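Visitor: Pasting a structure here, questions to come.
No lab work stands behind these numbers, since they all come straight from the coordinates. Values in this document were obtained by computation on a predicted structure and should not be read as measured data. In this analysis, Cβ positions are derived from the backbone assuming ideal geometry, glycine residues included, and neighbour counts consider all displayed protein chains.
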Amino acid sequence: MSDASSLAVEKSTKKKMADETDSNLILPDNLPGLNAWKARRHLLDTKDMSVEEVDALIAVAKLCKEIHSKGRPPLTVLSHKVVANLFYENSTRTRSSFELAARKLGASVLNLDIRMSSVAKGETIEDTARTLVSMGVDAVVQRHSSSGSAHKLAELLRHEVHVLNAGDGWNAHPTQALLDLFSMQETGKTIKGRKVAIIGDITHSRVARSNIWLLQKLGADIHVAGPPTLVPVELDSFGVTVHEKLEPAIKDADFVIALRLQLERQDEGLIPSIGEYKRLYRLDHERIKRCKPDVRVLHPGPVNRGIEITDDLVDDSKVSLVNLQVANGIAVRMAVLYLLMYDGQGT
Amino acid sequence: MESAILIKNGRVINPTDANGKASSNVASNQSLDIRIRDGKITEMESELKPKDNESVVDAQGCWVMPGFVDMHTHLRDLGQADREDISTGTKAAAAGGYTTVVAMANTDPPTDCAEILDRVIKRIHERAIVEVLPVAAVTKGLKGVELTNMVEMSDMGAIAFSDDGMPISNLDVLRRAFEYARLHGRPIISHPEDKDLSHGGSMNEGCQSTCLGMKGIPSASEAACVAREIEVLRYTGGRLHFAHTSAKASIDLIRQAKAQGLQVTADATPHHLVLSDAEMTPYDTSFKMNPPLRSKKDVEAIEQALVEGVIDAIATDHAPHSKLDKSKPFDHAPFGIIGLETAFSLCFEKLVLSGKMAPNKFLALITTHPAKILGIPAPQISVGARANIAIVDPEMRWNFEIVESFSKSKNSPFTGRSLKGKNLVTIFDGKIVYFDKERAAKRVQEVCASST
């Protein structure tokens, strides 16, 4: 009898807890973007997102961040879902961030190290897609070195599995751009009319592209600067102001995003030396004096300390949003997973 | 028994010759019946009565034209027969109205010596349903280092020499090739591309590649190569044909070289004439070819150059690839699309229906002009001429459906596209090698069906 009653008590406590946690994700009704999210299957790029969708996502990310930052036990809203991490390229950070986000929503996570196994055996994206469908996976988080590979996977999976692009070649990294936006908005500034400078290797950067398309939608004034060998042609045709030198790009900027410099660009002959790069483009306290006094500096990580940005500046929490970006990454990815996958059936 | 054919009620369209003059004494636009015996046109009169044992083709409302000449195809076969073989490739050619195709030398193994050329020629005899003229390589293994036995292969029947796909980057080798070509007098066909400038690229470099995050192939990779090859030719003399020119900058250089009296010719493909990179479906490998689809400005320059005669010919660059290869991500998929079945209709609509070119002038781009570059007899419809004929309904609207293609490969950006002008019947050497059974069933009464 005591067993039965304790069970009942436990059950009711559990129910109460579930109610409580569920209540944390009760969304405001006045979010016009929610319907668009209901219709959306995949997150491949920021290019095709509406402003309403972005606003809704940020609103949900805020709720997720509260849950996440208070150290609550995982939610159960996605407890019946399986999220597969399909990383063809190395990425500890993004992969861990997605994994944590999925677990915090109660989903099971499958980590497929495709890079080592199937591709070496000649398996195509199509084969992998079919395997995932057969396994009954609900969502795939993919990173792949080919631009367009996420679109291809989405096309193959159509409505069966959600595809979340965690980076495809030089093309897109939508959750990175969304977490950058979230971090910028947390400073209290609205994005409209703000000057955002993106510095470094623009050509090879999916982070730069996703940020450009996203922030432009919200009315930001985008400036870029980098070695002319690392800035793609005709970028100005998209309304971006292209500078060769750092100084005019960051002048009066509200936000500066420093991009990671892949060190192999030197071997490829795209820059003469890391030293020359630092001389021209490294952000430091002195240089950012040209920006607005309340400028914030972002970096998608991992930072090459002392190359894109000085040690002192990365660690200066009055200016640098780098640590915040990491925390916000989990919240944004929770929000994306929730908005794409929640079907009201979690336990 | 040789078949006999009577073509009734068609409008004869003859191309202008390579100098822009009427190519035969038969006036274009005349409605004439055409009798064919033993592979030749034997009679052309306004009213001919069918004879016994004669297949009759009703060409009412159709244009009767000499069969087309494609000076640039990849028929694969040999080690790449999974993509295409000479049988399927020439069936696709026949369906497109082509009765002569020039097969490039980048076969597997490459057509770079007498033994391989002999195998290719045997395959052609066994499998081709239209004329296939083989091209042989300029350098051994298409490696751009050592010249091939060009004279021996020329004597065997190589129609031209080309390392297509692998430009000769060592200009000293190119110089020796131009000089040595005096011994055979056949054209050298250049694939103009600087491989360093294009390295790793998979589409045109421009706002589209920037937008899609793709490594681009700058138009300068073509133009820079055209410029340096023209300079070598200026020094050595000889003649040089540039294949699949795609960039305005290259065309401007060719225009200038021609004006200076150099023996330079050029062709362009239908896809570069009708599509720009802005019209690509993002990441669809059916839009991946080399050279890549260029900007709108380049497309306009190609059209203008065809009208002006700076570009001499239209060639398909028909390049079959397997579904498996084309299903790779865009940057890893091979370059090339098939084109034999859509070429005529695409160009006809773009050049003739738009009013930019007279039909006979357009026809010259796919008949007499490539024939002249290749040094083969000028195709024409006239008594005594070889009976290579395409019968096209210029009014017919049709959809190109890839599943209906005769090619083994299905890599076309034009699938599902509505086209105007359809080749209905192709006659090669006096035999019907193609007729559109769905759209022209009633037009063709073959002997076997009507006699006995």
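Visitor: Taking loop as defined by DSSP and a crowding limit of 14 other beta carbons within 10 Å, which trypsin sites (Lys or Arg not before Pro) in region B:1-94 fit?
Guide: Those that pass, being in a loop and sparsely packed, are B:Lys21, B:Lys51.
Visitor: As a test, work out the antiparallel percent of DSSP beta bridges whose residues both lie in chain B, rounded to the nearest 5.
Guide: Numbers: 33 of 64 bridges.
In chain B, approximately 50 percent of DSSP beta bridges are antiparallel ones.
Visitor: Once you average over the residues of B:201-212, how many Cβ atoms of partner chains fall within 10 Å of each Cβ?
Guide: If you average over the peptide's residues, the count of other-chain Cβ atoms is 5.
Visitor: May I pose another question? Does chain B classify as rounded, prolate or oblate by the C-alpha gyration tensor (a ≥ b ≥ c root eigenvalues; a/c under 1.5 gives rounded; else a/b over b/c gives prolate, otherwise oblate)?
Guide: Values: a/c = 1.61, a/b = 1.45, b/c = 1.11.
It is prolate, given that a/c is not under 1.5 and a/b is the larger ratio.
Visitor: Which whole-number percent of Cα pairs in region B:110-191 have a distance greater than 22 Å?
Guide: For region B:110-191, the share of Cα pairs beyond 22 Å comes to 20 percent.
Visitor: What whole-number volume per residue, in cubic angstrom, does the convex hull of the C-alpha atoms of chain A give?
Guide: So the per-residue hull volume is 152 Å³.
Visitor: OK, next. Quote the relative contact order of region A:192-317 in percent (integer), defining contacts as alpha-carbon pairs under 8 Å separated by 6+ residues. Spell out each step's value before the answer.
Guide: On the way: 223 pairs, mean separation 34.4, N = 126.
This gives 27 percent for region A:192-317.
Visitor: Rounded to the nearest 0.05, what FRET efficiency do A:Asp113 and B:Ala259 give with R0 = 56 Å and r taken as the Cβ-Cβ distance? Could you check? Can you show the working numbers first?
Guide: Values: r = 61 Å, r/R0 = 1.09.
According to the calculation, E is roughly 0.35.
Visitor: Right, another one. Using a ≥ b ≥ c from the Cα gyration tensor of region B:396-443 (square roots of the eigenvalues), is it rounded, prolate or oblate, where a/c under 1.5 gives rounded and otherwise the larger of a/b and b/c decides, a/b for prolate?
Guide: It is oblate, given that a/c is not under 1.5 and a/b is not larger than b/c.
Visitor: I would also like to ask the following. On a 0 to 90 degree scale, rounded to 10, what angle separates helix A:2-24 from the longest Cα axis of chain A?
Guide: Relative to chain A, helix A:2-24 is tipped by roughly 30 degrees.
Visitor: Continuing with the same structure: What are the semi-axes of the equivalent ellipsoid for region B:304-452, taken as the square roots of 5 times the Cα gyration tensor eigenvalues, largest first, in whole Å?
Guide: 27, 23, 16
Visitor: Follow-up question, since we're still on this one. Taking chain A as the reference, fit the longest principal axis to its C-alpha atoms, fit the long axis of helix A:322-341 to the helix C-alpha atoms, and give the angle between the two in degrees, 0 to 90, nearest 10.
Guide: Roughly 50 degrees between the two axes.
Visitor: While we're on this one: Per residue of region B:417-427, in order, report the coupling 6.51 cos²θ - 1.76 cosθ + 1.60 (Karplus, θ = phi - 60°) as ³J(HN,Hα) in whole Hz, putting x for Gly and Pro.
Guide: Per-residue couplings from phi come out as 6, 7, 10, 10, x, 10, 5, 9, 9, 10, 10 Hz.
Visitor: Can you give me the C-alpha center-to-center distance between region B:378-444 and region B:126-141, rounded to a whole angstrom?
Guide: Distance between centres, Cα-based: 23 Å.
Visitor: If you don't mind, another one. In chain B, if the dipole is taken from +1 on Lys/Arg beta carbons and -1 on Asp/Glu beta carbons about the Cα centre, which of B:Ala81, B:Ala128, B:Gly39 is farthest to the positive end?
Guide: B:Gly39
Visitor: Could you check the simple spin-label distance between A:Lys70 and B:Lys21, using points 7 Å along Cα→Cβ, in nm with one decimal?
Guide: Spacing of the two 7 Å Cα→Cβ label points: 9.4 nm.
Visitor: Let me make sure I get this right: for the protein assembly as shown, a, b and c are the square roots of the gyration tensor eigenvalues over alpha carbons, sorted descending. Under 1.5 in a/c it's rounded, otherwise prolate if a/b > b/c, else oblate. Which is it?
Guide: Verdict is prolate for the protein assembly as shown.
Visitor: Oh, and also: Sorted by mean Cβ packing within 10 Å, highest first, what order do the peptides A:334-345, A:63-74 take?
Guide: With the highest mean Cβ count within 10 Å placed first, the list reads A:334-345, A:63-74.
Visitor: Using the alpha-carbon atoms, what tilt in degrees (0 to 90, nearest 10) does helix A:125-135 show relative to the longest principal axis of chain A?
Guide: Taking Cα atoms only, the helix is inclined about 20 degrees.
Visitor: Another one. Which part of region B:329-351 falls in the paramagnetic zone of A:Glu155, meaning amide N under 17 Å from the point 7 Å along Cα-to-beta-carbon?
Guide: B:329-338
Visitor: If you put +1 on each Lys and Arg Cβ and -1 on each Asp and Glu Cβ, how big is the dipole of region B:181-233 around its Cα centre, in Debye rounded to 20?
Guide: The dipole of region B:181-233 has a size of about 200 debye.
Visitor: With θ taken as phi - 60° and the coefficients 6.51, -1.76 and 1.60, list the Karplus ³J(HN,Hα) couplings across region A:289-299 in order, rounded to whole Hz; mark glycine and proline as x.
Guide: Result, ordered by residue: 5, 6, 6, 4, x, 9, 4, 10, 10, 10, 7 Hz.
Visitor: Quick check for me: using +1 on Lys/Arg Cβ and -1 on Asp/Glu Cβ, what's the dipole size of region A:289-347 about its Cα centre, in debye to the nearest 20?
Guide: About 220 debye.
Visitor: Picking from B:Ile159, B:His184, B:Val232, whose Cα lies most toward the positive end of the charge dipole for region B:159-308 (charges on Cβ: Lys, Arg +1; Asp, Glu -1)?
Guide: It is B:His184.
Visitor: In addition: Between B:Ile121 and B:Glu146, take the C-beta separation as r, use R0 = 22 Å, and let me know the FRET efficiency to the nearest 0.05.
Guide: 0.45
Visitor: Averaged over peptide B:321-329, how many Cβ atoms belonging to another chain are found within 10 Å of each residue's Cβ?
Guide: Mean shielding by partner chains, rounded to a whole number: 3.
Visitor: Okay, moving on. Would you mind getting me the FRET efficiency between A:Phe238 and A:Val133? Use the beta-carbon distance for r and R0 = 41 Å, nearest 0.05.
Guide: The calculated FRET efficiency here is 0.70.
Visitor: If contacts are Cα pairs under 8 angstrom and at least 6 residues apart, what is the relative contact order of region A:67-197 in percent?
Guide: Result for region A:67-197 is 22 percent.
Visitor: Hey, another quick one. Set Lys and Arg Cβ to +1 and Asp and Glu Cβ to -1, take the dipole of the protein assembly as shown about its Cα centre, and tell me which of A:Pro227, B:Ile337, A:Val77 lies farthest positive.
Guide: Farthest towards the positive pole: A:Val77.
Visitor: Restricting the count to DSSP beta bridges whose residues both fall in the protein assembly as shown, what percent are antiparallel, rounded to a multiple of 5?
Guide: Rounded to the nearest five, the antiparallel share is 35 percent.
Visitor: Using a 10 Å cut-off around each Cβ of peptide A:149-160, what is the average number of partner chain Cβ atoms that fall inside?
Guide: Average neighbour count from other chains, rounded to a whole number: 2.
Visitor: Oh, and also: Give, rounded to the nearest 20 debye, the magnitude of the charge dipole that chain A has about its Cα centre when Lys and Arg contribute +1 at Cβ and Asp and Glu contribute -1 at Cβ.
Guide: With only Lys, Arg, Asp and Glu charged at Cβ, the dipole is about 500 debye.
Visitor: Starting from the Cα of A:Thr92, step 7 Å along the direction of its Cβ; do the same at B:Arg239; then give the gap between the two resulting points in nm.
Guide: According to this spin-label approximation, the distance is 6.6 nm.
Visitor: Another one. Once both labels are modelled 7 Å past Cα along the beta-carbon direction, what's the A:Lys245-B:Asn399 spacing in nm?
Guide: 5.9
Visitor: Sticking with this structure for a sec: Sort B:360-372, A:187-199, A:167-179 for me by packing, meaning the mean count of neighbouring Cβ atoms within 10 Å per residue, highest on top.
Guide: Highest-to-lowest ranking by the protection proxy: A:167-179, B:360-372, A:187-199.
Visitor: Below 8 Å, C-alpha to C-alpha, sequence gap of six or more: please give me the relative contact order for chain B in percent.
Guide: Working: 1125 pairs, mean separation 96.4, N = 452.
Relative contact order for chain B comes out at 21 percent.
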